[in-house]
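The structure appears below as structure tokens.
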Amino acid sequence: MKSSKNVFVCEECGYNSIKWLGRCPECQSWNSFVETQITQNNNTKPTKKVNKPEKLSELNIPDYIRAKTGMDELDRVLGGGLVDGSVVLLSGEPGIGKSTLLLQICQELEKSRKVLYISGEESKAQLKLRAQRLKINGDNLYLLTETDIDSIIEECNELKPDVIIMDSVQTLSTSRYTSAAGSISQVREGALCLINYAKTNSTAVFLVGHVNKEGGISGPKILEHMVDAVLYFEGERTNSYRIIRAIKNRYGSTNEIGVFEMGDEGLVEIPNPSEVVMAERPKNTSGSCAGCVMQGTRPIISEIQSLVTKTVFPTGKRTSDGFDYNRMCLLIAVLEKRMGLKFYENDVYINVAGGIHLDEPSADLSIAMALISGITDKVIPDELIAFGEIGLSGEVRAVSHIEYRVKEAIRLGFTHIVLPKKNLSQLKKVPDHVKLIGVSNIYQALPHMLNKTTE
Ligand code: TYD
Ligand code: MG
């Protein structure tokens, strides 16, 4: 016996209500409720319980196998490759390169796996054109242009793919719900069907999710807890660098990032992002200092630029790109109080080159030095790099992973490394031409600035 009931569902968060509401009590958004008809199948008898508690020691674990995607940058973010039976949500703004990346990894995946690429956005001809452009000609790669989830599952049952790519979840729909395609109930139902399929057949699934203008994955925000890994694809459309990071990963660390560049033939991996960022560094300019942050197991060296100019406003303007705004204000306050620098008379702009975000306290010292260099117009030597956390009294505190950072700095040709004094003892020998400068407060770093202004 089938019965249908009408419910009102919030399009933002999926909250259900039996009557229409002007404002969602769950996510507080206005006018987000739409009426949806849900057909329920009342025939289902309660099934006998099959899940029983089992001893941990006697449990047979499934043999997880990781498939290489052919892109080391992506494999690292996934935790070492794509795990069979895992569901990965890849989200990002439209046009960032999600479809391109997933089509590119098919080339490697299809060597060992049967891959089904389902597109609800592009026609087969468009996909073929893109594949030709990316020079992908798979014999084990199947294309399907379909949006109805029941037909998709039917096709999957027939084809039995090892990897499914669903581009995108927002195009999924089912006739069981009357709401429009892309609405929260449709997306959730569609994703659930694919997740169930993945878990029962040990098929790996990539779900592509578009981010809405607020920055959340529209609708699919509610998918985040249902999937095994959530990857964000970031970057600006004006700049060709793309960064992929894991927000959640049941099979790996969430600290890792992967860096790519969008070119004429798709995405190209950037295994040494520090080199790319530092290659464009201007020489001999005040307000610039090199710093190093850890992204997972990988140190990334980046250039911090500051610009300090006399303000025309009653209070100085401050902006920060790539570094936490409040942390910058705190560092400015420390420099004003401890060193008497008059930042309050100035506008202060901070920018981190290459679109890297410095979200680690070890960036403090390089930010502070860039600020001092910016306000005093004294140049920091190009071969100097600084890392260390700054405390409220101007002291420099030890940071983690010091060996990785110093090694990367030496590899990139830095010869003057300013680091917390406490970290010095953890370091093994460095080459003779490299000078390690241990400092315990910000003043000790100052003599290493050059007494000259920008050329
Ligand atoms: P796409 O993968 O379609 O983005 P998404 O699926 O995230 O919406 O990428 C689209 C952009 O990438 C588009 O603006 C064109 C650009 N692009 C290249 O620059 N080079 C290429 O080889 C390809 C395939 C795309
Ligand atoms: Mg796309």
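List the pairs whose first member sits in segment 174-203 and is over 15 Å from GLU35 (Cβ atoms) and not assigned by TED's automatic domain parsing to the domain that holds LEU223, whose second member is of a type in the set (Phe, Trp, Tyr) and not in a helix (DSSP H, G or I), and whose Cβ atoms are under 9 Å apart, counting only residues at least 6 apart or on separate chains?
none
Does SER425 satisfy the condition of being of a type in the set (Gly, Ala, Ser), open to solvent by 30 Å² or more (accessible area, probe 1.4 Å), outside any strand (DSSP E or B) and in contact (Cβ under 8 Å) with a residue 40 or more places away in the chain?
No, not satisfied.
Among the candidates ILE410, ILE417, which residue alone is open to solvent by 30 Å² or more (accessible area, probe 1.4 Å) and either over 22 Å from SER286 (Cα atoms) or not in a loop (DSSP other than H, G, I, E, B) (or both)?
When all the criteria are applied, what remains is ILE410.
Restricting attention to segment 423-437, does a residue exist that is modelled with pLDDT under 95, β-branched (Val, Ile, Thr), under 27 Å from CYS329 (Cα atoms) and within 33 Å of the chain's Cα centre (by Cα)?
no
With the condition being open to solvent by 20 Å² or more (accessible area, probe 1.4 Å) and assigned by TED's automatic domain parsing to the domain that holds HIS401, I'd like the strands (runs of 3 or more DSSP E) fully within segment 235-338 carrying at least 3 qualifying residues.
298-310, 318-321
In this structure, is GLY97 in the same structural domain as GLU158 (by TED's automatic domain parsing), at pLDDT below 95, within 13 Å of ligand 1 (Cβ to nearest atom) and small (Gly, Ala, Ser)? Explain how you work it out, then say what you get.
Working: in the same structural domain as GLU158 (by TED's automatic domain parsing): yes; at pLDDT below 95: yes; within 13 Å of ligand 1 (Cβ to nearest atom): yes; small (Gly, Ala, Ser): yes.
In short, yes.
On the given criteria, is TYR177 surrounded by 19 or more Cβ atoms within 10 Å (Cβ to Cβ), aromatic (Phe, Trp, Tyr) and more than 16 Å from ligand 2 (Cβ to nearest atom)?
Yes; evaluated as a whole, the condition is true for this residue.
Specify the residue that is nearest to ligand 2 (Cβ to nearest atom); the eligible residues are those in segment 84-98 that are within 15 Å of ASN201 (Cβ to Cβ) and crowded, with 23+ Cβ neighbours inside 10 Å.
Selected residue: VAL87.
Within the bounds of segment 182-199, is there any residue that is within 16 Å of ligand 2 (Cβ to nearest atom), open to solvent by 30 Å² or more (accessible area, probe 1.4 Å) and out of contact with any Pro (no Cβ under 7 Å at 6 or more places or on another chain)?
yes
Within the bounds of segment 147-161, is there any residue that is within 16 Å of ligand 2 (Cβ to nearest atom), at pLDDT 90 or above, of a type outside the set (D, E, K, R) and more than 19 Å from PHE33 (Cβ to Cβ)?
Yes - at least one qualifying residue is present in segment 147-161.
What are the residues in segment 54-83 that are surrounded by 20 or more Cβ atoms within 10 Å (Cβ to Cβ), part of a helix (DSSP H, G or I) and of a type outside the set (Val, Ile, Thr), if any?
GLU73, LEU74, ASP75, ARG76, LEU78
Can you name the residue in segment 215-234 that is open to solvent by less than 30 Å² (accessible area, probe 1.4 Å) and within 14 Å of GLU73 (Cα to Cα) and, of all such residues, is modelled with the lowest pLDDT?
PHE233
Among the residues of segment 99-120, count how many are over 22 Å from the mean Cα position of the chain (by Cα), open to solvent by less than 10 Å² (accessible area, probe 1.4 Å) and more than 9 Å from ligand 2 (Cβ to nearest atom).
Residues that pass the stated criteria total 5.
Give segment 171-192 a look and list any residue that's assigned to a helix (DSSP H, G or I) and either out of contact with any Ser or Thr (no Cβ under 6 Å at 6 or more places or on another chain) or under 16 Å from LEU116 (Cα atoms) (or both), or say none. Spell out how you get there, then give the answer.
Let us first name the residues in segment 171-192 that are assigned to a helix (DSSP H, G or I), namely 171, 184-192.
Of everything in segment 171-192, those that are assigned to a helix (DSSP H, G or I) and either out of contact with any Ser or Thr (no Cβ under 6 Å at 6 or more places or on another chain) or under 16 Å from LEU116 (Cα atoms) (or both) turn out to be ILE184, VAL187, ARG188, GLY190, ALA191, LEU192.
Being surrounded by fewer than 18 Cβ atoms within 10 Å (Cβ to Cβ) and without any contact (Cβ under 8 Å) to a residue 60 or more places away in the chain: is that true of ASP347 here?
yes
The values are calculated or read from the model by the stated rules, or taken from the named source; none is laboratory data. The model shown is predicted, which means the values in this text are computed figures rather than measured ones. Heads up, the Cβs are rebuilt from the backbone with ideal geometry, glycines too, and the neighbour counts pull from every protein chain shown. The accessibility values were calculated without ligands, DNA or RNA, using every heavy atom of the protein model including side chains. Shrake-Rupley method; radii C 1.70, N 1.55, O 1.52, S 1.80 Å.
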